[in-house]
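The values are calculated or read from the model by the stated rules, or taken from the named source; none is laboratory data. Since this is a predicted model, take the numbers as computed values, not measurements. FYI the Cβ positions are ideal-geometry reconstructions off the backbone, even for glycines, and counts take in every protein chain you see. Surface accessibility is based on the protein's heavy atoms, side chains included, excluding ligands, DNA and RNA. Shrake-Rupley method; radii C 1.70, N 1.55, O 1.52, S 1.80 Å.
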Amino acid sequence: MTSETSRAGDLLVRIGAVVFVVGAVATLATITPLFLGSDPLPTAAYLVSMLMGVGFAVAGAGVLRSIAAQRREAREAARR
């Protein structure tokens, strides 16, 4: 562990990464039957695979929030 404190947006980036990985695993699970020639998975599996995009968006929101916080801190430091 590092002694660095958590910054604005870090939690969103971590959550987004986890959701993205869940979606990526679901995507791999849904395309595997297509290559093996077996029956496709139910629709719910395809819906879970859409979490990949949701995770990417959440992580992107976290990055934007972090950027906004750093710019705000820089502006405050410049005023002093």
Does any residue in segment 45-71 that is closer than 17 Å to I15 by Cα and in a helix (DSSP H, G or I) come within less than 9 Å, Cβ to Cβ, of a residue that is open to solvent by less than 30 Å² (accessible area, probe 1.4 Å) and hydroxyl-bearing (S, T, Y) six or more places away or on a different chain, and which pairs are these?
V48/T30; S49/T30
Please specify each residue of segment 1-21 satisfying the condition of being assigned to a helix (DSSP H, G or I) and either open to solvent by 90 Å² or more (accessible area, probe 1.4 Å) or not aromatic (F, W, Y) (or both).
D10, L11, L12, V13, R14, I15, G16, A17, V18, V19, V21
What tally of residues in segment 36-65 results from selecting those that are open to solvent by less than 100 Å² (accessible area, probe 1.4 Å) and under 20 Å from S6 (Cβ atoms)?
7
Residues that are within 13 Å of the chain's Cα centre (by Cα), open to solvent by less than 50 Å² (accessible area, probe 1.4 Å) and of a type in the set (A, V, I, L, M, F, W, C): does segment 66-78 have at least one?
no
Has segment 22-32 got at least one residue that is open to solvent by 100 Å² or more (accessible area, probe 1.4 Å) and out of contact with any Cys (no Cβ under 9 Å at 6 or more places or on another chain)?
yes
